[in-house]
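The values are calculated or read from the model by the stated rules, or taken from the named source; none is laboratory data. Computed from a prediction, not measured in an experiment: that's the story for all the values here. Cβ placement follows ideal geometry from the backbone for every residue including glycine, while neighbour counts extend to all protein chains displayed. What goes into the accessible areas is simple: the full protein's heavy atoms, side chains included, and nothing from ligands, DNA or RNA. Shrake-Rupley method; radii C 1.70, N 1.55, O 1.52, S 1.80 Å.
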Amino acid sequence: MPSQASSKRIDVAKLKVGDFLSETQYYRVTKIIDGKVELENERGLRLSVTNRIIEEGMYSAGQFEETVTLSRTALCEVLENAGDSIFTVNFNKQLKEKDVVTELLEVVKELGADADAKVLTKKLKAAVKKGVSGEVRTLVGYLIQTEARMGRSQVIDLEAPPKQRYRLVDHRTINWLVLKNVKYTLKKR
C-alpha cells in the first residue's frame, strides 16, 4: 500500500520511453495569452498550455453547442453517467425548516400587525412555495458517487473553498445540466 505522506504517484526516475500515463484534472482558467491559456488545478499547481491542447482534449463546464430537452428520468441518467467529466448543474437546493420559518417571519415582520389579510396570505404563500421548492443553485463540479434513479449524487463543487467542496445534488430537483458541449434541460410538463 502506498504511503499517504508521499504526494508522488509515479517515480519519474523509473519512466522509460514508450510508457503510458493518464491523469484526470480539473482546471480554472487564470489567464489567456495569445495562443496559450494559463491554468490552475485544484491543488494550486499552475501550468500554461497551447490553445490546441485545450481544443483537442478538454471540455468546458459551461460551453455548449446544442440543447437537448429530456424527461426527469433521462436528465438524471445523464448526471449519473457523467463519469469524471466536469459539468455545470442547476438544481433546487432544499431549504432547512429554520430557513422557511425565518422567511415566513420576515414576511410577517415586513407587513406588520395591521397587514391586509389578502396581502399577508399572498406573501405567506410565496414564502411557503419558495421553502417547498428550495433555493435555485448552480454548481460547477464533478461527480464523486451517485445513487440510482431519483436519488442523490455526491459532487465536488469546484467554486467552494477546499474544505467545503462536497455537495449533494438531489436528482428530483435538477433543472438543467451542461456536460461535454451539450446543455440538457428538463422537459416542462
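Some observations on this one:
- Every residue from segment 162-184 that is open to solvent by 70 Å² or more (accessible area, probe 1.4 Å), in contact (Cβ under 8 Å) with a residue 24 or more places away in the chain and under 11 Å from the mean Cα position of the chain (by Cα): R167
- Search result, residues across segment 41-66 that are acidic (D, E) and either under 12 Å from R28 (Cα atoms) or touching a helix residue (DSSP H, G or I) at 6+ places or on another chain (Cβ under 8 Å) (or both): E42
- Criterion: in contact with an Asp or Glu (Cβ under 8 Å, 6 or more places away or on another chain) and in contact (Cβ under 8 Å) with a residue 12 or more places away in the chain - qualifying residue of R137, R152: R152
- Any hit, segment 133-150, residues being at pLDDT 90 or above, of a type in the set (F, W, Y) and open to solvent by less than 70 Å² (accessible area, probe 1.4 Å): yes
- If you go through segment 26-40 and keep only what is open to solvent by less than 60 Å² (accessible area, probe 1.4 Å) and more than 27 Å from V155 (Cβ to Cβ), you end up with just G35.
- Some residue of segment 105-125 being closer than 30 Å to G62 by Cβ, of a type outside the set (S, T, N, Q) and either free of Cβ contacts under 8 Å to residues at least 60 places away in the same chain or in contact with a Cys (Cβ under 9 Å, 6 or more places away or on another chain) (or both): no
- A single entry from K187, K123 fulfils the requirement of being on the phi < 0 side of the Ramachandran plot, open to solvent by 50 Å² or more (accessible area, probe 1.4 Å), among the charged types (D, E, K, R) and within 27 Å of the chain's Cα centre (by Cα): K187.
- Selection within segment 88-100 - open to solvent by 70 Å² or more (accessible area, probe 1.4 Å) and free of Cβ contacts under 8 Å to residues at least 40 places away in the same chain: K96, E97, K98
- Looking only at segment 41-72, and only at residues there that are within 19 Å of V178 (Cβ to Cβ) and among the β-branched types (V, I, T), the one that is surrounded by the most Cβ atoms within 10 Å (Cβ to Cβ): I54
- Matching residues in segment 136-161 - criterion: being small (G, A, S) and more than 14 Å from the chain's Cα centre (by Cα): A148, G151
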